[in-house]
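A.B. asks: Structure below; questions to follow.
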Amino acid sequence: MDPDAEVDFDFSPFLIRYKSGRVRRLMGTSKVPAGADAATGVTSRDVSIDAAAGLAARLYIPTDVLDNKPEGEKKLPVLVYFHGGAFAVHSAFSAPHFRFLNALVSAARVVAVSVDYRLAPEHPVPAAYDDAWAALRWAVAASSAATATAGSGPPGDPWLSAHGDASRLFVAGDSAGANIAHNVTIRAGGGGGLPGGARIEGMVLLHPYFRGEELVPSEGTDPRFLERAERSWGFVSGGRYGLDHPFINPAAMPAAEWAKLGCRRALVTVAGLDTLRDRGRRYVEAVRGSGAWVGEEAALYETEGEGHAYFIDKSGGGGEKAKKEIAAVASFINRQS
């Protein structure tokens, strides 16, 4: 049989890998161009962060900030965002995330950096974490006007240097992207170090993708669920990490490890029809109960009657629950302490 047609791993509904090594993605491959979105009043453009590594991003900013920045207006928070897609599909340029980021940037009034990280299985975890960390460091450095003009370090970006406030730095993501946001926040607090001593003010995990060796109530009791979870995680991580590794099950970390969570505030959102909901709840419980995290707030936002990452598809269609969730994230970002 032709190895280019013989299935090696069926990761439906996301992709199929064939024995030849060819990967056929079943979703998330279409891309939409950046530009001005009149409906939300947000403008976007694409940037290369590291051409040699193929690392890129899509930047978003409220259009009125570019058109006519009011005299004395403060710079905007900087939001570094990681898209979902099981570590294997979608991109920073996918239509669903383009709609969602436009809506979120409009509501929160931030400068956003949506990161196009490398995907599994061609680039198994932790490649996504490494790309996310590099992009976060770039966003912080590029937000410095000095970097933009002095010619040292990574190249500055005109939107970030003119309008981004790295002292109000947030990371966020949905599903696998939320997992990435957690792991870069752990790296930031565990000695990774951000340019200029910057710190992450807040972390937003939207329906985070976490698993574990033991089922939680929202996952049911069928052992086949656990088998599928093991196969899926093993596939995207190249078989290097088990389901209780801190990458995928942070709630199982020793309490002292939460001292590495390098953000001052955290927001986790879950949905009532999502099998991942109890993973998100347990994450918040672990943070709050660790006694080691030095942050100030770990909040949980729940939406009843919706499934996993429902807001991605409904953010552009006027869904009221999606609007409320986006408003909750915007409020979290703009809360004054």
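Bear in mind these aren't lab numbers, they're just calculated from the coordinates by the rules spelled out. All figures in this text were calculated on a predicted structure; none of them were measured in a lab. Every residue, glycine as well, gets a Cβ built from its backbone with ideal geometry; the counts of neighbours run over all protein chains shown.
A.B. asks: Would you list the P(r) distribution for the stretch 183-300, with all Cα-Cα distances sorted into 10 Å bins from 0 and each bin expressed as a whole %?
C.D. replies: For the stretch 183-300, the binned pair fractions read 13, 43, 33, 10, 1 percent.
A.B. asks: While we're looking at this one, here's another question. Straight-line reach only, C-alpha to C-alpha below 29 angstrom: list the lysines that LYS321 could link to, leaving out same-chain residues fewer than 8 apart.
C.D. replies: Leaving aside lysines fewer than 8 places away in the same chain, those within reach of LYS321 are LYS31.
A.B. asks: Please state, rounded to one decimal and in Å, the Kirkwood hydrodynamic radius that the stretch 48-110 gives when every pair of distinct Cα atoms enters the mean of 1/r.
C.D. replies: Hydrodynamic radius (Kirkwood, Cα only) of the stretch 48-110 equals 13.6 Å.
A.B. asks: How about LYS19: which aspartates and glutamates have a C-alpha closer than 14 Å to its C-alpha, ignoring those fewer than 8 places off in the same chain?
C.D. replies: ASP2, ASP4, GLU6, ASP8, ASP10, GLU122
A.B. asks: Turning to a different aspect of this structure: What is the sum of charges, Lys and Arg at +1 and Asp and Glu at -1, for the other residues whose Cβ falls under 15 Å from the Cβ of LYS321?
C.D. replies: Summing Lys/Arg as +1 and Asp/Glu as -1 gives -4.
A.B. asks: Over the chain, what is the relative contact order in whole percent, taking alpha-carbon pairs under 8 Å and six or more residues apart?
C.D. replies: The value is 15 percent.
A.B. asks: Arranged by the count of other C-beta atoms within 10 angstrom, fewest first, what order do LYS324, LYS74 take?
C.D. replies: LYS74, LYS324
A.B. asks: Give me, ordered by chain and number, the residues 5 or more places off GLY173 or on other chains with an amide H under 5 Å from its own placed amide H.
C.D. replies: Result for GLY173 returns PHE82, VAL204, LEU206.
A.B. asks: Return the FRET efficiency for the residue pair LEU300, ASP165: r is the Cβ-Cβ distance, R0 is 35 Å, and the value is rounded to the nearest 0.05.
C.D. replies: Computed FRET efficiency for LEU300 and ASP165 comes out at 0.85.
A.B. asks: Here's another thing I want to ask about it. Report the label-to-label distance for ALA256 and THR29 in nanometres (one decimal), using points 7 Å from each Cα along the Cα→Cβ vector.
C.D. replies: Result for the modelled spin labels: 4.9 nm.
A.B. asks: Per DSSP H run of at least 4 residues, take -39500 (n - 2.57); add these up for the chain, divide by its residues and hand me the 222 nm value, nearest 500 deg cm²/dmol.
C.D. replies: Dividing the helical sum by the residues of the chain leaves -9500 deg cm²/dmol.
A.B. asks: What's the extension gain from ALA39 to GLU320 if we count 0.36 nm per residue and subtract their Cα-Cα distance?
C.D. replies: Result for the pair: 99.5 nm of gain on full extension.
A.B. asks: Check which residues have an amide H placed less than 5 Å from ARG168's amide H, if you skip close sequence neighbours.
C.D. replies: VAL78
A.B. asks: When only alpha-carbon atoms are used, what values of Rg and Dmax, in angstrom, describe the stretch 257-316?
C.D. replies: Values for the stretch 257-316 (Cα only, Rg and Dmax): 13.1, 40 Å.
A.B. asks: A follow-up question, please. Have a look at the chain and give its Rg and Dmax from the Cα atoms, expressed in angstrom.
C.D. replies: 19.4, 69
A.B. asks: Here is a follow-up. Can you give the extra length, in nm with one decimal, that the chain gains between PHE225 and ALA95 once fully stretched, where that is 0.36 nm per residue apart less the Cα-Cα distance?
C.D. replies: Length gained between PHE225 and ALA95: 43.8 nm.
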